[in-house]
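*Asks:* Sharing a structure below in structure tokens format, with a few things to ask.
The values are calculated or read from the model by the stated rules, or taken from the named source; none is laboratory data. The shown structure was predicted, so the numbers you read here are calculated from the model rather than taken from an experiment. Backbone-built Cβ (ideal geometry, glycine too); neighbour counts: all protein chains shown. The area values use the complete protein model at the heavy-atom level, side chains included, leaving out ligands, DNA and RNA. Shrake-Rupley method; radii C 1.70, N 1.55, O 1.52, S 1.80 Å.
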Amino acid sequence: IPMGWDDAYGQPVVVIVEGELDKLAIEEATGWEYVVSPPNGANPSDQVFAYLVEICDHATKVILAGDMDDPGKAFMAELASRIGYDRCYQVSWPGKDANDCLLDQGNRAVRDCLNDARPFPVAGVISMDDIAGELRQLYEDGMPGGDSTGWKNLDRHYTVRPGEITTVIGSPGSGKSVWMDALLINLARNEGWKFGVCSPEFQPTHRHGAHLIANYVGKPFGDGPTPRMDEDEMEFARKWLANHFWFVAPEETTIESVLSLAKFLVRRHGIKGFVLDPWNDLDHTRAGGVSETEFIHAALREIRAFARNHGVHFWIVVHPTKLAKLPNGKYPPPTLYDANGSAGFFNKTDNGLSVWRDYSDPGAPVELRIQKIKFHEVGGLGMVCFRYDRLTGRYTEAACPE
């Protein structure tokens with residue numbers, strides 16, 4: 001239980017620090033009692049995060065006054081993401097923390113630092129002072145890219161950065177959903193990402209879970225022509241996946257209900273990615289006079305605001321409209337402009353991927369076309385190919401046909 005729960009819960013202003021001595025230092029310097037400290041410093045459990053978010057439920061201002069080291073800054077940034085940037089203010093201490101400031105410079109310095117707390121940047125309201133630190137880092141280190149997809153060939157064209165939207169298109173049966181699962185497993189295994197997944201088409205949920213387990217283990221889940229995983233392997237994978245994946249199944253599949261549950265997963269579990277697969281299964285009921293294009297644009301604006309405000313990468317899987325066959329009798333690879341409903345899926349997304357498979361040739365590789373990359377430091381346009389293992393759901397890099 002965080003120290004100071006009774007002091008801070010229900011208060012209009014809450015101060016969060018990293019240690020008990022910091023709480024006492026602020027109380028001594030200011031007389032403020034609405035200060036709370038987690039029990040384990042900058043390494044809280046998800047349950048402690050949930051407690052801190054609950055304490056701040058009624059606060060209109062949350063002052064994050066953690067330590068100035070990297071773990072402290074990361075802890076405060078995670079708290080801001082879960083509480084909501086619009087209510088959070090950040091303190092800059094001249095030394096390591098509030099206690100050091102009190103000991104070295106006295107009460108006045110502590111009060112000045114707290115009163116000078118600056119608001120966290122909120123999407124749409126950003127000053128040059130808000131981004132001074134980021135500008136300095138960009139100047140010194142260059143533009144940061146995204147996290148690795150786990151496939152070196154793809155990383156040259158597409159990496160995954162929190163706060164962005166990726167739209168994935170592909171014809172039914174092209175493998176876009178199982179490719180998405182493989183990407184998520186890679187990010188969870190290699191980068192420690194956590195995910196929320198809303199997949200109305202991939203039901204029942206335990207069937208989806210079995211598919212993820214097979215991908216993680218690299219062996220079939222059930223009996224078949226090759227040896228299946230044993231019970232210990234299955235249980236180990238299930239426990240590992242339980243720390244990285246949460247399924248979302250709202251009673252009403254509206255964009256509002258999906259985003260509400262996504263926000264819950266951010267605050268409770270700290271997810272970094274969310275998948276909506278497919279967009280076409282959402283409830284698209286519209287008010288009178290609202291066109292489908294207007295409805296989609298409004299929904300994508302809501303998704304973009306959620307992704308940026310909470311630092312979550314949001315994937316949207318869409319089906320194409322009916323495609324016309326080429327002279328050779330094959331269907332062409334779909335583009336984002338072929339998305340069923342609106343060209344807004346191309347205009348509003350940060351990244352666009354198209355999955356294509358030659359149904360006439362079972363041995364042909366799966367082609368992934370990178371059709372849009374908004375920020376060059378994340379990747380660039382191009383095409384990569386994969387071999388798909390139907391027994392495990394895994395994808396391995398392959399040479400593309402000439």
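*Asks:* Could you identify the single residue in GLY146, GLY150, GLY133, GLY41 that is out of contact with any Asp or Glu (no Cβ under 6 Å at 6 or more places or on another chain) and at positive phi?
*Replies:* GLY150
*Asks:* Taking interchain pairs and intrachain pairs at least six residues apart, which have beta carbon atoms under 9 angstrom, with the first residue in the range 225-240 and under 15 Å from HIS211 (Cα atoms) and hydrophobic (A, V, I, L, M, F, W, C) and the second open to solvent by 100 Å² or more (accessible area, probe 1.4 Å) and assigned to a loop (DSSP other than H, G, I, E, B)?
*Replies:* Short answer, once both residue conditions are applied: MET234/ARG228.
*Asks:* For residues that are surrounded by 10 or more Cβ atoms within 10 Å (Cβ to Cβ) and among the aliphatic types (A, V, I, L, M), scanning just the range 118-142, find the one that is modelled with the lowest pLDDT.
*Replies:* For the range 118-142, the residue satisfying everything is ALA123.
*Asks:* So which residues in the range 196-211 are open to solvent by less than 40 Å² (accessible area, probe 1.4 Å) and either without any contact (Cβ under 8 Å) to a residue 40 or more places away in the chain or over 20 Å from the mean Cα position of the chain (by Cα) (or both)?
*Replies:* Once the filter is applied, which keeps residues that are open to solvent by less than 40 Å² (accessible area, probe 1.4 Å) and either without any contact (Cβ under 8 Å) to a residue 40 or more places away in the chain or over 20 Å from the mean Cα position of the chain (by Cα) (or both), the range 196-211 yields HIS208, GLY209, ALA210, HIS211.
*Asks:* Quick one: is ALA237 more than 21 Å from the chain's Cα centre (by Cα) and surrounded by 11 or more Cβ atoms within 10 Å (Cβ to Cβ)? Steps first, answer last, please.
*Replies:* On the way: more than 21 Å from the chain's Cα centre (by Cα): yes; surrounded by 11 or more Cβ atoms within 10 Å (Cβ to Cβ): yes.
Against the criterion (more than 21 Å from the chain's Cα centre (by Cα) and surrounded by 11 or more Cβ atoms within 10 Å (Cβ to Cβ)), ALA237 qualifies.
*Asks:* Sticking with this one: Can you tell me which residue in the range 321-338 is farthest from the chain's Cα centre (by Cα), limited to those that are buried (at least 21 other Cβ atoms within 10 Å of the Cβ) and within 16 Å of GLY175 (Cα to Cα)?
*Replies:* By that ranking, first place goes to PRO333.
*Asks:* Taking the criterion of being surrounded by 12 or more Cβ atoms within 10 Å (Cβ to Cβ), over 28 Å from HIS211 (Cα atoms), free of Cβ contacts under 8 Å to residues at least 60 places away in the same chain and of a type in the set (A, V, I, L, M), would at least one residue in the range 241-259 satisfy it?
*Replies:* Within the range 241-259 (the criterion being surrounded by 12 or more Cβ atoms within 10 Å (Cβ to Cβ), over 28 Å from HIS211 (Cα atoms), free of Cβ contacts under 8 Å to residues at least 60 places away in the same chain and of a type in the set (A, V, I, L, M)), the answer is no, since none of the residues qualifies.
*Asks:* Let me ask you something else. At least 1 residues that are of a type in the set (Lys, Arg) and crowded, with 17+ Cβ neighbours inside 10 Å in each: list the helices (runs of 4 or more DSSP H) lying fully within the range 1-93 that qualify.
*Replies:* The helices (runs of 4 or more DSSP H) meeting that bar are 20-30, 70-83.
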